[in-house]
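Below are the structure tokens for one structure; questions will follow.
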Amino acid sequence: MVTKLVMLGCGGFIGSHLLDLLLPGGEYEIEGWDLDDQKIEQHVDRPNFHFHRRGIQQASEQALLRDAIGRADAVINLAAICNPAEYNTRPLDVIRANFLDIYSVVGMCADHRKWLIAFSTCEVYGRTLASYLPPNLRDDPQYFELDEESTPFIMGPIRNQRWTYATAKALMERFVYAHHKERGLPFTIVRPLNFFGPRMDYIPGRDGEGTPRVLACFMSALLNREPMQLVDGGMARRTIVSIYEAVDAIGRMLRRPQQAQNQIFNIGNRNNETTIAELADRMRRTYARITGDASYEDHPIVSVSSEAFYGEGYEDCDRRMPSTVKASSLLDWTPTIPLDEVLHDTMTYFHRAYATTQESVHVVADSEFAELTVNTT
Ligand code: NAD
Ligand code: UGA
């Protein structure tokens, strides 16, 4: 039986990998919306994919969305502005994209009683309790581990506009949950924790403009032989998970609706924790191995203040260590790819896509790329 999906924001980093996973087998028929199709050109002509290159907030799309949702088995929302450099510089757009633009979609899913898989973020947890406690208490997991059912959301003051994204996502989560409680909407909320992989963001000056997320910032610095910049010394910690294992978790949700529905899941890898300073060092050493150029091992790393890097109103999430008990018990999902392997595969992709020319992006063919992907079951 073919499962019909509506996928909003299907042209982005995660969406492109979800399409890679779901379209080839023919078990899914997907109707997708995005403003951009650069990352999904390989799929636009598939018979089981129908793509609308338009924004979901447009008045012209509302009737089309309602009909598509009526026909679908599930709706996956990925559409967002999710780049920290924009949270304090385009706060109104960030609130619109992460809450207002999907407001009507949530209602449509409830009207049709259709399963909504809503991508939120681990940023809803904000800062950890540990970051406010004396140093001797900070290593106690009860003060830093992020649990879907019990951890409070701790965000900074309004003037720190970094939190526009997390706040809009948290309101979206509450809106979805309220529709579930009052109107019977079946839902799954996904809280990703720093997915890394090919096609994440863009390299400034090549295929995009601005400041991307940290992976592409550091890749850009290596490709351009410019210093890697550590924001406030790079002391923040992140856990990094392979995009292949991450989309596999979504595939498992789709195959196990009974277990996945009406749940919130952290999707991250507890074993791949790193400070950003360590990440920069690992990435320069990895790039030395990929290029065979040992000089990258000493690639310059400099520290920069968050105000100089992001502008006024930035505040960082100090640490993101997810509890993944629910994903493991309900989805039988446990990520195993170590950080060094995630970085080696991802950076090899970026090297092949961008290092060959300074002028334009070399689109890596599927055949070239296949060896970089991992098998997930
Ligand atoms: P992305 O920026 O690569 O993809 C988002 C896509 O949404 C883009 O292609 C964009 O064009 C599209 N979009 C934005 N507004 C739209 C609109 N109005 N109509 C149609 N399309 C629109 O981001 P991503 O990394 O693929 O993230 C996908 C989702 O996962 C987002 O909701 C994000 O908040 C969440 N998330 C991602 C990560 C991660 O590690 N990548 C972490 C936490 C949360
Ligand atoms: C990101 C984005 O908010 C979302 O895409 C997503 O919701 C979230 O990750 C997530 O994965 O859950 P963040 O990890 O803070 O949040 O964003 P990055 O740009 O990847 O930055 C990670 C860390 O690196 C931050 O401490 C940042 O200050 C630092 N950084 C970034 C640098 O030190 N140097 C840089 O050049 C760029």
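Kindly report the accessible area of segment 63-154 per residue (heavy atoms of protein chains, probe 1.4 Å, no ligands, DNA or RNA), in Å². Don't jump to the answer; show the numbers that get you there.
Details: 3960 Å² over 92 residues.
Ligands and nucleic acids excluded, the figure is 43 Å² per residue.
Based on the Cα coordinates of the chain, what is the per residue volume of their convex hull in Å³? Numbers along the way, then the final one.
Numbers: hull volume 52.7 nm³, N = 377.
Considering the Cα atoms of the chain, their hull volume per residue is 140 Å³.
Rounded, prolate or oblate: pick one for segment 304-347, where a ≥ b ≥ c are the square roots of the eigenvalues of its C-alpha gyration tensor, a/c under 1.5 means rounded, and failing that, prolate if a/b is larger than b/c, else oblate.
The shape class here is oblate.
Could I ask something else about it? Taking a 1.4 Å probe, which of 351, 50, 17 shows the most accessible area, and what order do the others take after it?
Greatest to least solvent exposure: 50, 351, 17.
About its Cα centre, what dipole magnitude does the chain give when the only charges are +1 on Lys and Arg Cβ and -1 on Asp and Glu Cβ, stated in debye to the nearest 20?
Details: 38 positive and 51 negative charges, 193 e Å.
Here the chain has a charge dipole of around 920 debye.
A follow-up question, please. Mean residue ellipticity at 222 nm from the helices of the chain, using -39,500 (n - 2.57) per DSSP H segment of n ≥ 4 over the full residue count, to the nearest 500 deg cm²/dmol?
Details: 14 runs with 134 residues, N = 377.
Computed mean residue ellipticity for the chain: -10500 deg cm²/dmol.
Compute a Gaussian network model of the chain, connecting alpha carbons closer than 10 Å, and tell me which residue from 349, 125, 143 fluctuates the most.
For the chain, modelled as a Gaussian network with Cα springs under 10 Å, the answer is 143.
Sticking with this structure for a sec: Cα atoms only: what Rg and Dmax, in Å, come out for segment 111-236?
Rg then Dmax for segment 111-236, in Å: 18.3, 55.
One-quarter of the Cα convex hull surface for segment 204-276, in nm²? If you can, show how the numbers build up before the last one.
Values: hull surface 28.4 nm².
Projected over every direction and averaged, the Cα hull of segment 204-276 covers 7.1 nm².
Show the residues, 5+ positions off or on another chain, whose built amide H is closer than 5 Å to the amide H of residue 303.
When sequence neighbours closer than 5 places are left aside, the close amide H contacts are 230.
Let me ask you something else. Relative contact order for segment 30-81 using alpha-carbon pairs under 8 Å, separation at least 6, rounded to a whole percent?
Details: 39 pairs, mean separation 17.7, N = 52.
Averaging sequence separation for qualifying contacts and normalising by length gives 34 percent for segment 30-81.
With every protein chain in place, what's the accessible area of residue 180 (1.4 Å probe, Å², nearest 10)?
Looks like 50 Å² after rounding.
Roughly to the nearest percent, how much of the accessible area of the chain is carbon and sulfur, given a 1.4 Å probe?
On the way: 7940 of 16330 Å².
That share works out to 49 percent.
In the neighborhood of residue 281, defined by Cβ-to-Cβ distances under 15 Å, what is the net charge if each Lys or Arg adds +1 and each Asp or Glu adds -1? Intermediate results must be reported in sequence, preceding the final value.
Details: positive: 237, 238, 282, 284, 285, 289; negative: 273, 278, 297, 298, 340.
Taking every other residue near residue 281 into account, the sum is +1.
Next up: What do the square roots of 5 times the Cα gyration tensor eigenvalues come to for segment 1-60, in whole Å, largest first, as semi-axes of the equivalent ellipsoid?
Numbers: eigenvalues 67, 33, 17 Å².
Equivalent ellipsoid semi-axes, largest first: 18, 13, 9 Å.
Which entries of 4/326; 4/169; 39/114; 4/39 show an alpha-carbon separation above 24 angstrom in the structure shown?
Details: 4/326 26 Å; 4/169 26 Å; 39/114 28 Å; 4/39 22 Å.
As for pairs spanning more than 24 Å Cα to Cα, those are 4/326; 4/169; 39/114.
Write down the accessible area per residue of segment 174-240 in Å², having rolled a 1.4 Å probe over the full set of protein chains. Spell out each step's value before the answer.
Details: 2510 Å² over 67 residues.
Accessible surface, normalised per residue, equals 37 Å².
Of the candidates 208, 12, 107, which one comes out as most mobile in a Gaussian network treatment of the chain with C-alpha springs shorter than 10 Å?
In the Gaussian network model the winner is 208.
If you find the alpha carbon centre of segment 91-126 and of segment 180-228, how far apart are they in angstrom?
18 Å
In 5 Å bins starting at zero, report the fraction of Cα pairs in segment 79-183 per bin as a rounded %.
Result returned by the calculation: 2, 12, 20, 19, 16, 15, 9, 4, 2, 1, 0.
Continuing with this model, one more query. What accessible surface, in Å², does a 1.4 Å probe find on residue 82, ignoring ligands, DNA and RNA and rounding to the nearest 10?
For residue 82, the solvent-accessible surface is approximately 40 Å².
Run through segment 183-287 and list the GluC sites (Glu not before Pro) located in a DSSP loop whose Cβ has at most 14 other Cβ atoms within 10 Å. Don't skip to the end; give the middle numbers.
Working: sites: 209, 245, 273, 278; in loops: 209.
Taking segment 183-287 and a limit of 14 other Cβ atoms within 10 Å, the loop GluC sites (Glu not before Pro) found are 209.
Please compute the contact order of segment 174-277 in relative form: average sequence separation of alpha-carbon pairs under 8 Å and at least six residues apart, divided by the residue count, as a percent.
39 percent
Another question, then. So which residue, out of 124, 304, 176, gets the largest mean-square fluctuation from a GNM of the chain using Cα contacts under 10 Å as springs?
304
Hey, if we sort 96, 319 by accessible area with the 1.4 Å probe, largest down, what's the order? Present the calculation step by step, with values, prior to reporting the outcome.
Values: 96 110, 319 30 Å².
Output order, biggest surface exposure first: 96, 319.
I've got another one for you. Sum up the charges of everything whose Cβ sits under 15 Å from the Cβ of residue 176, counting Lys and Arg as +1 and Asp and Glu as -1, but leave residue 176 out. Before the final figure, lay out the partial values.
Numbers: positive: 113, 114, 169, 174, 181, 183, 191; negative: 101, 111, 148, 173, 182.
Neighbour charge sum, excluding residue 176 itself: +2.
Another question, if that's okay. For the chain, calculate the relative contact order in percent as a whole number, restricting contacts to Cα pairs under 8 Å that are 6 or more residues apart. Could you put the intermediate results ahead of the total?
Details: 688 pairs, mean separation 63.5, N = 377.
After rounding, I find 17 percent.
I've got another one for you. Rounded, prolate or oblate: which fits segment 1-139, taking a ≥ b ≥ c as square roots of the Cα gyration tensor eigenvalues, rounded meaning a/c under 1.5, else prolate when a/b beats b/c? Intermediate results must be reported in sequence, preceding the final value.
Values: a/c = 1.95, a/b = 1.77, b/c = 1.10.
Prolate shape, in that a/c is at least 1.5 and a/b is the bigger ratio.
The values are calculated or read from the model by the stated rules, or taken from the named source; none is laboratory data. What you are looking at is a predicted structure, and each value in this text was computed from that prediction instead of being measured. In this analysis, Cβ positions are derived from the backbone assuming ideal geometry, glycine residues included, and neighbour counts consider all displayed protein chains. The accessibility values were calculated without ligands, DNA or RNA, using every heavy atom of the protein model including side chains. Shrake-Rupley method; radii C 1.70, N 1.55, O 1.52, S 1.80 Å.
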